[in-house]
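A.B. asks: Pasting a structure here, questions to come.
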Amino acid sequence: MSGKSFDDDSISRELELIAKEQQFISWKAPNGEIFQLDLPHTVYPPREDSNLLANRLVKLGSGNGRNCLEIGTGSGILSLLCRRQGWRVEACDINPIAVASARKLFQQNHAEDIQVFEGGPGPLEDGKITQWAKQKNYDLIFWNLPYLNVTKDAPLLGPLEDAALIETEGKDLFGVIVKKIDQHQLLSDNGLGLFLVGESKSTEHLVNTAAKSGFACRITDTESFEDGEEIKIIAIWRPFAKAKKVHLPTVTSTSTELLSSNWPIGSSLSSDYQTDGHGRRGRPWDNVAEALACSWKIGNSFDTSTNILQLICGFIVKQSLQQRNKSQNSIQVIQKWPNDILLKQDNKVSKVCGVLIESISKGNVNETVIGIGINLSESKNMPVYEIPAGFAKSLDKDLNRSILQSEIDCRLAGLFEEPKNIPTANLAAYHKLAIKSITDGFTASSKLIYRNKVVSFHSVNMDGSINVCDQNNQQIICDEVEALEWKF
């Protein structure tokens with residue numbers, strides 16, 4: 001457990017802490033109940049991060065007898081809270097003193113049915129996973145992850161207490177647990193994982209990490225402190241578990257056929273070959289040797305225009321391709337306004353992806369579908385357009401349709417799915433990221449021509465249109481992509 005970060009001095013310090021008198025702590029739960037805890041100094045007590053996680057756990061509502069696992073239980077107070085909420089709880093901790101303290105707390109509160117095991121995931125393996133996770137398909141897994149940042153020479157308190165506060169081996173424990181949950185099927189199809197992390201874990205990193213293991217994710221709660229430090233809770237789940245995911249060898253158009261179906265929100269349809277695939281303004285889809293051609297039904301419960309949705313979805317496709325980019329930065333992934341993804345290498349630009357949003361009205365209901373087409377590998381005799389075709393396998397030869405579809409499925413669910421008692425996604429934040437990505441994309445061009453006149457890019461508007469400036473520095477609003485010509 002202790003690993004290379006710990007030496008004889010830190011172990012001596014641990015023994016000193018164990019010998020100290022226990023701490024008496026009174027903790028008030030979000031539901032108003034007050035708990036009394038008597039804790040050794042080496043057991044993590046409830047703090048602001050515990051309160052943030054407790055509030056989210058209470059907002060999940062009743063557990064109704066479903067199975068729950070807390071990792072790193074510490075004092076055991078959050079496991080006890082979940083048991084009060086109706087969950088069937090198991091807990092684990094690598095600190096044997098914490099295990100003993102938690103068992104004492106449960107006994108004092110008539111909750112002896114909570115099982116507590118010594119062990120847990122970490123940078124180093126410690127026995128089999130069944131040592132600390134006794135079953136599969138938990139409906140809730142949560143962990144207040146170690147998150148404090150320390151410098152290389154910072155003094156450590158001791159193996160047991162520091163393991164609760166910092167990532168002592170320099171490993172990404174969020175990545176470790178997400179991978180284990182996937183590999184060992186620890187989370188049920190409709191289950192939820194909640195993990196409290198620190199500011200060192202960027203949202204992009206969390207999304208990328210979750211998607212690699214087949215999970216959607218979303219920031220549900222944040223809290224900032226006076227010193228500027230921020231903590232946040234990330235929720236993970238299997239994307240669109242109740243929806244249909246269908247692949248057919250041949251369809252007319254994945255978007256057209258999905259729009260005409262009555263499949264539930266989150267359903268997707270992919271195909272090897274489209275006989276009538278299309279892009280903006282009905283432009284034909286060219287079938288390459290290998291491609292991802294897939295459409296998702298995302299519903300209409302969000303107050304965002306089609307133009308903005310297109311920018312946001314283009315941005316998350318760019319992220320999916322960028323995180324798989326193994327070209328040692330020799331290939332740049334570019335988001336081109338309004339709905340294309342380009343690859344740039346050695347000053348040559350090619351189009352690898354197009355994104356199209358389509359909607360229809362059925363009575364009083366509007367249904368929206370996102371169509372995404374990504375070229376993976378080249379066919380013979382490809383048509384030549386203004387921008388030639390590019391291929392995602394130039395980024396990573398091991399990329400395939402299944403990998404890309406799974407990761408995009410996760411990212412779309414993180415934006416548009418509405419798991420019970422989980423806040424909706426912050427589309428405004430993604431809108432800002434997409435605008436920045438589009439802005440960055442314009443720097444890839446050497447010249448812009450708008451209606452036969454040379455112009456310069458100025459800004460992206462909130463409605464998805466752009467402003468360009470003519471040679472007299474007069475701004476012009478451009479909302480017609482066909483009127484804008486890019487030169488590279």
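A.B. asks: Go through the residues of region 72-89 one by one and say whether even a single one is out of contact with any Asp or Glu (no Cβ under 7 Å at 6 or more places or on another chain), surrounded by fewer than 19 Cβ atoms within 10 Å (Cβ to Cβ) and aliphatic (A, V, I, L, M).
C.D. replies: Scanning region 72-89, I find no residue that is out of contact with any Asp or Glu (no Cβ under 7 Å at 6 or more places or on another chain), surrounded by fewer than 19 Cβ atoms within 10 Å (Cβ to Cβ) and aliphatic (A, V, I, L, M), so the answer is no.
A.B. asks: Output the residues belonging to region 96-123 that are under 16 Å from ILE71 (Cβ atoms), free of Cβ contacts under 8 Å to residues at least 40 places away in the same chain and open to solvent by less than 20 Å² (accessible area, probe 1.4 Å).
C.D. replies: VAL99, ALA102, ILE114, GLY119
A.B. asks: Could you tell me which of the residues LEU448, LEU427 is touching a residue at least 24 places away in the same chain (Cβ under 8 Å), surrounded by 15 or more Cβ atoms within 10 Å (Cβ to Cβ) and under 15 Å from the mean Cα position of the chain (by Cα)? Before the answer, list the steps.
C.D. replies: Values: LEU448 fails: under 15 Å from the mean Cα position of the chain (by Cα).
Of the residues listed, the single one that is touching a residue at least 24 places away in the same chain (Cβ under 8 Å), surrounded by 15 or more Cβ atoms within 10 Å (Cβ to Cβ) and under 15 Å from the mean Cα position of the chain (by Cα) is LEU427.
A.B. asks: Could we say that ILE466 is in contact with a His (Cβ under 8 Å, 6 or more places away or on another chain) and touching a residue at least 24 places away in the same chain (Cβ under 8 Å) here?
C.D. replies: Details: in contact with a His (Cβ under 8 Å, 6 or more places away or on another chain): yes; touching a residue at least 24 places away in the same chain (Cβ under 8 Å): yes.
Taking the combined requirement at face value, the residue satisfies it.
A.B. asks: Those residues that are among the polar types (S, T, N, Q) and either in contact with a Lys or Arg (Cβ under 6 Å, 6 or more places away or on another chain) or within 17 Å of GLN319 (Cα to Cα) (or both), I need them from region 351-377; list them, please. If you could, list the steps in order and put the result at the bottom.
C.D. replies: Within region 351-377, the subset among the polar types (S, T, N, Q) is 359, 361, 364, 366, 368, 375, 377.
ASN375, SER377 - these are the residues of region 351-377 that are among the polar types (S, T, N, Q) and either in contact with a Lys or Arg (Cβ under 6 Å, 6 or more places away or on another chain) or within 17 Å of GLN319 (Cα to Cα) (or both).
A.B. asks: Would you check if there is a residue in region 203-213 being modelled with pLDDT under 95 and among the aliphatic types (A, V, I, L, M)?
C.D. replies: Looking for residues that are modelled with pLDDT under 95 and among the aliphatic types (A, V, I, L, M), one finds none in region 203-213, hence no.
A.B. asks: If you go through region 325-376, how many residues are more than 28 Å from LEU258 (Cα to Cα) and not hydrophobic (A, V, I, L, M, F, W, C)?
C.D. replies: The total comes to 13.
A.B. asks: Another question, then. Looking at region 251-265, is at least one residue closer than 30 Å to ASN55 by Cβ, at pLDDT 95 or above and either open to solvent by 60 Å² or more (accessible area, probe 1.4 Å) or not aliphatic (A, V, I, L, M) (or both)? Write out each step before concluding.
C.D. replies: Applying the first criterion (closer than 30 Å to ASN55 by Cβ) to region 251-265 yields 265.
If we keep only those that are at pLDDT 95 or above as well, we get none.
No, every residue in region 251-265 fails to be closer than 30 Å to ASN55 by Cβ, at pLDDT 95 or above and either open to solvent by 60 Å² or more (accessible area, probe 1.4 Å) or not aliphatic (A, V, I, L, M) (or both).
A.B. asks: Let me ask something else. In region 456-483, which residue that is in contact with a Cys (Cβ under 6 Å, 6 or more places away or on another chain) and crowded, with 18+ Cβ neighbours inside 10 Å is nearest to ASN339 (Cα to Cα)? Outline the logic, then answer.
C.D. replies: The initial filter retains those residues of region 456-483 that are in contact with a Cys (Cβ under 6 Å, 6 or more places away or on another chain), namely 456, 458, 466, 468, 475.
From the residues that got through so far, the ones that are crowded, with 18+ Cβ neighbours inside 10 Å too are 466, 468.
Working: ILE466: 13, VAL468: 18 Å.
Restricting to residues being in contact with a Cys (Cβ under 6 Å, 6 or more places away or on another chain) and crowded, with 18+ Cβ neighbours inside 10 Å, the top hit is ILE466.
A.B. asks: Another one. Tally the residues that are at pLDDT 90 or above and farther than 23 Å from ASN426 by Cα, restricting the search to region 304-329.
C.D. replies: 3
A.B. asks: Yes or no: region 9-24 includes at least one residue that is at pLDDT 85 or above, of a type outside the set (A, V, I, L, M), open to solvent by less than 10 Å² (accessible area, probe 1.4 Å) and not in a helix (DSSP H, G or I). Talk me through it step by step, then tell me what you get.
C.D. replies: Residues of region 9-24 that are at pLDDT 85 or above, as a first pass: 24.
With the extra rule that they be of a type outside the set (A, V, I, L, M), the set shrinks to 24.
Cutting the leftovers down to open to solvent by less than 10 Å² (accessible area, probe 1.4 Å) gives us none.
No, there is no match, as no residue in region 9-24 is at pLDDT 85 or above, of a type outside the set (A, V, I, L, M), open to solvent by less than 10 Å² (accessible area, probe 1.4 Å) and not in a helix (DSSP H, G or I).
A.B. asks: Restricting attention to region 291-299, does a residue exist that is within 14 Å of ILE372 (Cα to Cα), among the small types (Gly, Ala, Ser) and modelled with pLDDT of 90 or more?
C.D. replies: Of region 291-299, the ones within 14 Å of ILE372 (Cα to Cα) are 291-298.
Okay, now just the ones that are also among the small types (Gly, Ala, Ser), so 291, 293, 295.
Cutting the leftovers down to modelled with pLDDT of 90 or more gives us 293, 295.
Within region 291-299, one or more residues are within 14 Å of ILE372 (Cα to Cα), among the small types (Gly, Ala, Ser) and modelled with pLDDT of 90 or more.
A.B. asks: Could you check how many residues of region 68-95 are over 29 Å from the mean Cα position of the chain (by Cα) and in contact (Cβ under 8 Å) with a residue 60 or more places away in the chain?
C.D. replies: 1
A.B. asks: Could I ask something else about it? Looking at (1) crowded, with 20+ Cβ neighbours inside 10 Å; (2) under 30 Å from GLY193 (Cβ atoms); (3) modelled with pLDDT under 95, find the lone condition where LYS432 falls short.
C.D. replies: Exception for LYS432: condition (1).
A.B. asks: Still on this structure, please answer the following. Tell me which of these ASN144 doesn't satisfy, since it passes every other one: (1) out of contact with any strand residue (DSSP E or B) (no Cβ under 6 Å at 6 or more places or on another chain); (2) at pLDDT 65 or above.
C.D. replies: It fails just one condition, (1).
A.B. asks: On the basis of being free of Cβ contacts under 8 Å to residues at least 40 places away in the same chain and in contact with a helix residue (DSSP H, G or I) (Cβ under 9 Å, 6 or more places away or on another chain), does PRO40 make the cut? Write out each step before concluding.
C.D. replies: Values: free of Cβ contacts under 8 Å to residues at least 40 places away in the same chain: no; in contact with a helix residue (DSSP H, G or I) (Cβ under 9 Å, 6 or more places away or on another chain): yes.
No, not satisfied.
A.B. asks: So which strands (runs of 3 or more DSSP E) are wholly in region 203-283 and hold at least 1 residues that are in contact (Cβ under 8 Å) with a residue 24 or more places away in the chain and touching a Cys at 6+ places or on another chain (Cβ under 6 Å)? Steps first, please.
C.D. replies: Details: elements: 216-224, 230-237, 245-251, 268-274.
Here the list reads 216-224, 230-237, 268-274.
A.B. asks: With the requirement that a residue be in contact with a strand residue (DSSP E or B) (Cβ under 7 Å, 6 or more places away or on another chain) and within 23 Å of THR304 (Cβ to Cβ), what does region 419-457 give you? First the steps, then the outcome.
C.D. replies: Pass one, region 419-457, residues in contact with a strand residue (DSSP E or B) (Cβ under 7 Å, 6 or more places away or on another chain): 419, 422-423, 425, 435, 437-439, 441-442, 444-450, 454-457.
Correct list: PRO419, ILE422, PRO423, ALA425, ILE435, SER437, ILE438, THR439, GLY441, PHE442.
A.B. asks: Also: Quick one: how many residues across region 177-202 are outside any helix (DSSP H, G or I) and in contact (Cβ under 8 Å) with a residue 12 or more places away in the chain? Give the steps one after another, and end with the answer.
C.D. replies: To start, the set of residues in region 177-202 that are outside any helix (DSSP H, G or I) comprises 184-202.
If we keep only those that are in contact (Cβ under 8 Å) with a residue 12 or more places away in the chain as well, we get 184-201.
Looking only at that region, the number is 18.
A.B. asks: Of the residues THR439, THR424, which single one is over 19 Å from GLY191 (Cβ atoms), of a type outside the set (A, V, I, L, M, F, W, C) and not in a helix (DSSP H, G or I)? So that I can check it myself, show each step before the final result.
C.D. replies: Details: THR439 fails: not in a helix (DSSP H, G or I).
Selected residue: THR424, the only one of THR439, THR424 that is over 19 Å from GLY191 (Cβ atoms), of a type outside the set (A, V, I, L, M, F, W, C) and not in a helix (DSSP H, G or I).
A.B. asks: Tell me yes or no: at least one residue of region 406-415 is touching a residue at least 40 places away in the same chain (Cβ under 8 Å) and outside any helix (DSSP H, G or I).
C.D. replies: In the first step, residues of region 406-415 are kept if they are touching a residue at least 40 places away in the same chain (Cβ under 8 Å); the result is 406-415.
Going one step further and asking which of them are outside any helix (DSSP H, G or I), we end up with none.
Looking for residues that are touching a residue at least 40 places away in the same chain (Cβ under 8 Å) and outside any helix (DSSP H, G or I), one finds none in region 406-415, hence no.
A.B. asks: Where residues in region 335-366 are assigned to a strand (DSSP E or B), touching a residue at least 24 places away in the same chain (Cβ under 8 Å) and of a type in the set (S, T, N, Q), which of them is least open to solvent (accessible area, probe 1.4 Å)? Full working, then the answer.
C.D. replies: First, the residues of region 335-366 that are assigned to a strand (DSSP E or B): 335-336, 340-345, 348-362, 365-366.
Now drop any that are not touching a residue at least 24 places away in the same chain (Cβ under 8 Å), which leaves 335-336, 340-345, 348-360, 365-366.
Retained after the next criterion (residues that are of a type in the set (S, T, N, Q)): 335, 345, 350, 359, 366.
On the way: GLN335: 3, GLN345: 75, SER350: 23, SER359: 62, ASN366: 73 Å².
Top of the filtered list is GLN335.
The values are calculated or read from the model by the stated rules, or taken from the named source; none is laboratory data. In this text, all values refer to a predicted model and were calculated from it rather than measured experimentally. Ideal geometry is used to build each Cβ from the backbone, glycine not excepted, and the neighbour counts take in all protein chains shown. For accessibility, only protein heavy atoms count, side chains too; no ligands or nucleic acids. Shrake-Rupley method; radii C 1.70, N 1.55, O 1.52, S 1.80 Å.
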